[in-house]
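Enquirer: I have a structure I would like to understand better, so I am pasting it below and will then ask my questions one at a time.
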Amino acid sequence: MILETARVLSTSGIGQLGTVLRIAAPEIAVQARAGQFAHVRPGLSFDPLLRRPYSFNRIDRRAGEIELIVKPLGSGGEWIASRREGDGLDLLGPLGSAFVIHRGTRNLLLVAGGTGIAPMRVLAEQEAPRRNVTLLMGGRSVAHLWPSDLLPPSVEYVTTTEDGSFGVRGRVTDAIGPLLGWADQLCACGPWPMLAALGRLRDAADRAASTYPGRATLLDTQIAVEQHMGCAMGVCRACVVVTAHGNARVCREGPVFPLGEVAFDEGEPATVGVIA
Amino acid sequence: MPWRRARRKVERPVDVSRSIEESLEEAAEGEEEEDLVELAELDGATIAEAATGEPDPDREPSDLAIKLQNALDAPHREPPRRGLESEAPHRGRLPQSAASVRETTRVKAAAPSESAHAAALPETGVDLEVEAARGLRLKNPVLTASGTFGQGVEYAELIDVSRLGAIVNKGTTPAARPGNPQYRIAETPSGILNSIGLENPGATEVARKYAKAWADLGVSVIVNVAGYSVDDYVYVVHELEGTPAVVAYELNISCPNVKGGMLFGCDPGLAAEVTRAVKAETDLPVIVKLTPNAPDVVAVARACEEAGADGLTAINTVLGMRIDTKRRRPILGTGSGGLSGPAIRPIAVHITYQVAQAVAIPIIGAGGVTNTDDALEFLMAGASAVQVGTATFADPLAPIKVIEGLAAYVGGHGLASIRDVIGVALPPTPEPDD
């Protein structure tokens, strides 16, 4: 990982998703992988204090550029989202684990909810030249969806909106059925309830016969998760989630985990319940 | 699988997007090590990474990495030899990366230029040596605070931790602890609230996993000891005794985030009891970390000194709470948590100032140190050293900047040593006759 003083090249608002910052960060870009994130310092002072983690939304190694989707949440998010062309930005990254696309995958299904589009767009751009890629994208409304013209032309996309303003009315899990039989591999990123719903699909597949459509794909699914984060260096243990192997740090062992290893609790990440 | 090599060379010689993942996958599937190495060499990302530094090994799925490690450790495999003379750095990268997945042994010089040119460091030749606790001489007064620096190995990827006066490791309990429920962290004005709950692998595991890494890092380690009973503290110290890099113990008698954690720190009698018991267990200096939440922190400090403590850390976090107004409940999973960061600095400086007048043993100031001037406040208030904690989350270079800043201060003010500023802001000591 690198501590890099980067420079904002351009910014653009993407509906209700947030502000996309295009950033010159050559040292980070050359190492970055889909699913990993940058920890961005919100200013030069210690108020606000904590860096904000943003998953890479685009990685251009040759140009030395990355893009981040920044929601103006809290004073730190607002500060970062209000950066303009030419502004400096203190980035720590790339951090965390990355999605692994299997060599033999022919049909790749990407599932994105809200700003969970970020790593899915990286995968779409990276994998579209090599295999069939379908992006299933969900949001509250059409304003919460990533613009299709900012996706590689060969990527097919299916959309769901909760208000029915675009595509299938409902959530991504309402539209995933027909795609499961098609896909060889599934990667997902989005809010916890969406990931938990995928987890329930996976559990159902796990209990079902081997002829269950998409069973192998569901069992093999990788997800990227979010958690309130402190240092992002693995020291503070604020960002842990419960996995089959005990607590795992989202900033180190994650944010990409096998779906089957993450423990959910009523649509939220499971949490250690004992206050001893 | 000869097809793979051919495809890579011909079809996408400069496409660099997936080398590491695919390499690991192939290792997991039992490919020959030779193939791996060759893949790495052919891959642009590898070359670029070799030039810019190591990738973070932890980002790889650990099971794959472990398989890779096993593959590479397999005794029947010899390192490949053909045509590699000019590319040795690339050849070495994958095995090294995989080996370093095991955090226990991962030690990387983050700033080789600094290590290689030690004579050129800003603090070289400046007398920053302090006695941070009785019997604990450190080359400079800048430490890292417990819970904000892990076991030292994590930030070693970014900074040269051997430049630090010492590190204080994550609070260590006799047995492993899973910690508290989410959320564990919340931002506050100029600070953070945390309620981690002393998540740690337990004393035996800490000693086993990190003894070698600490020695390799060349850093002095103060082990932060936590527990629920006197026996707990004694047990942890017993487990860590003899670990080469460990130079002292800091007794966390003041964790606000575990039930009973603050009990010892709030009661002078209990604080003295645990201090005495640990002193009997070890010959290393014993430092007691004070809590600002004690009704009479000066009384606790005096009791610890009388019980044989060699130093005091002032202060641990201040109890605090934030409410999520949308969900109408506290943000932190445990409700309350410990406030740290610049928000508590005036409290910490004040307690340092009070305690410094009450005890003769050295004090380590802690609480919101972000820069040189903050450190000087504590030193002038009577602290012999400082811990940089929460600031490191915002600026990982903060502890190093403070060392360099203090060196510049000593030079710029014509001081003989940094010790000349310790306690200069304290009121004059009364004459014995008074």
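Enquirer: Using only Cα atoms and rounding to the nearest 10 degrees, what angle (0 to 90) does helix A:192-207 make with the longest principal axis of chain A?
Expert: 30 degrees
Enquirer: May I ask for the Kirkwood hydrodynamic radius of chain A, worked out over all distinct Cα pairs and given in angstroms to one decimal?
Expert: For chain A, the Kirkwood estimate is 18.9 Å.
Enquirer: Computed on protein heavy atoms with a 1.4 Å probe, what is the summed buried accessible area for the chain pair B and A, in Å² to the nearest 100?
Expert: In total, chains B and A hide about 5200 Å² from solvent.
Enquirer: Determine ³J(HN,Hα), in whole Hz, for all residues of segment A:158-173 in sequence, where each value follows from phi through the Karplus function 6.51 cos²θ - 1.76 cosθ + 1.60 and θ = phi - 60°; x replaces Gly and Pro.
Expert: Going residue by residue, I get 10, 10, 10, 10, 5, 9, x, 6, 7, x, 5, 6, x, 10, 4, 5 Hz, with x marking Gly and Pro.
Enquirer: For every other residue with a beta carbon closer than 13 angstrom to the beta carbon of A:LEU109, add +1 if it is Lys or Arg and -1 if Asp or Glu, then tell me the sum.
Expert: Residues near A:LEU109 contribute -2 overall.
Enquirer: Could I ask something else about it? Please identify the trypsin sites (Lys or Arg not before Pro) of segment B:310-375 that satisfy two criteria: DSSP loop assignment and at most 13 other Cβ atoms within 10 Å. Which are they?
Expert: B:LYS326, B:ARG327, B:ARG328
Enquirer: Here is a follow-up. Test of the criteria: in segment A:64-134, which GluC sites (Glu not before Pro) are in a DSSP loop and have at most 12 other Cβ atoms within 10 angstrom of their Cβ?
Expert: A:GLU85
Enquirer: Computed FRET efficiency, Cβ-Cβ of A:VAL142 and A:ARG62, R0 35 Å: what is it to the nearest 0.05?
Expert: 0.60
Enquirer: While we're on this one: Using only the heavy atoms of the protein chains and a 1.4 Å probe, how would A:ARG252, A:ARG202 rank by accessible area, largest first?
Expert: My answer, sorted largest first, is A:ARG202, A:ARG252.
Enquirer: Partner chain Cβ atoms within 10 Å, averaged over the residues of B:143-149 - can you pull that number for me?
Expert: Across B:143-149, the average partner-chain Cβ count within 10 Å equals 2.
Enquirer: Distance between the C-alpha centers of segment A:120-151 and segment B:354-370? Whole Å please.
Expert: Value for the Cα centre distance between the two parts: 55 Å.
Enquirer: Need one value: the accessible area of B:TYR409 in square angstrom, 1.4 angstrom probe, rounded to the nearest 10.
Expert: Counting only protein heavy atoms, the figure is 50 Å².
Enquirer: While we're here: Roughly how many Å² of A:HIS102 are accessible to a 1.4 Å probe, to the nearest 10?
Expert: Per-residue accessible area (A:HIS102): approximately 50 Å².
Enquirer: Taking amide hydrogens as modeled 1.01 Å from N in the peptide plane, which residues meet the under 5 Å criterion relative to B:ILE185, leaving out close sequence neighbours?
Expert: Correct list: B:SER195.
Enquirer: Also: In square angstrom, what is the accessible area per residue of segment A:107-269 with a 1.4 angstrom probe?
Expert: 37 Å²
Enquirer: Another question about this same structure. Segment B:159-203: which residues show an accessible-area loss of 50 Å² or more, assembly versus chain alone, 1.4 Å probe?
Expert: Going by heavy-atom accessible area, the residues of segment B:159-203 that drop by at least 50 Å² are B:PRO181, B:GLN182, B:TYR183, B:ILE185, B:GLU187, B:GLU199.
Enquirer: Segment B:173-246 to segment B:401-424: how many Å between their Cα centroids?
Expert: 31 Å
Enquirer: For the pair A:ARG200 and B:THR124, how long in nm is the line joining their label points, each one 7 Å along Cα→Cβ?
Expert: 6.4 nm
Enquirer: Search the structure for amide H atoms under 5 Å from the amide H of A:SER10, placed 1.01 Å from N in the peptide plane, and list their residues when 5 or more places away or on another chain.
Expert: A:ARG22
Enquirer: Rank by packing, highest mean first: peptides A:150-156, B:194-200, B:355-361, with packing defined as the count of other Cβ atoms within 10 Å averaged across residues.
Expert: Packing proxy ranking, top to bottom: B:194-200, B:355-361, A:150-156.
Enquirer: Let me know the Kirkwood hydrodynamic radius for segment A:2-95, please, with Cα pairs as the basis and the value in Å to one decimal.
Expert: Roughly 12.8 Å, rounded to one decimal.
Enquirer: Still on this structure, I have one more. Could you rank the peptides B:173-179, B:294-300 by their average count of other C-beta atoms within 10 Å per residue, with the highest value first?
Expert: B:173-179, B:294-300
Enquirer: How many angstrom lie between the C-alpha centres of segment A:1-69 and segment A:175-230?
Expert: Between the Cα centre of segment A:1-69 and that of segment A:175-230, the gap is 28 Å.
Enquirer: Do any trypsin sites (Lys or Arg not before Pro) in segment A:28-123 lie in a DSSP loop with no more than 13 other beta carbon atoms within 10 Å, and if so, which?
Expert: A:ARG62, A:ARG84, A:ARG106
The values are calculated or read from the model by the stated rules, or taken from the named source; none is laboratory data. Predicted, not measured: the structure shown is a model, and the values here were computed from it. Don't worry about glycine lacking a Cβ; one is built from the backbone with ideal geometry, like all the others, and counts go over all protein chains shown. The accessibility values were calculated without ligands, DNA or RNA, using every heavy atom of the protein model including side chains. Shrake-Rupley method; radii C 1.70, N 1.55, O 1.52, S 1.80 Å.
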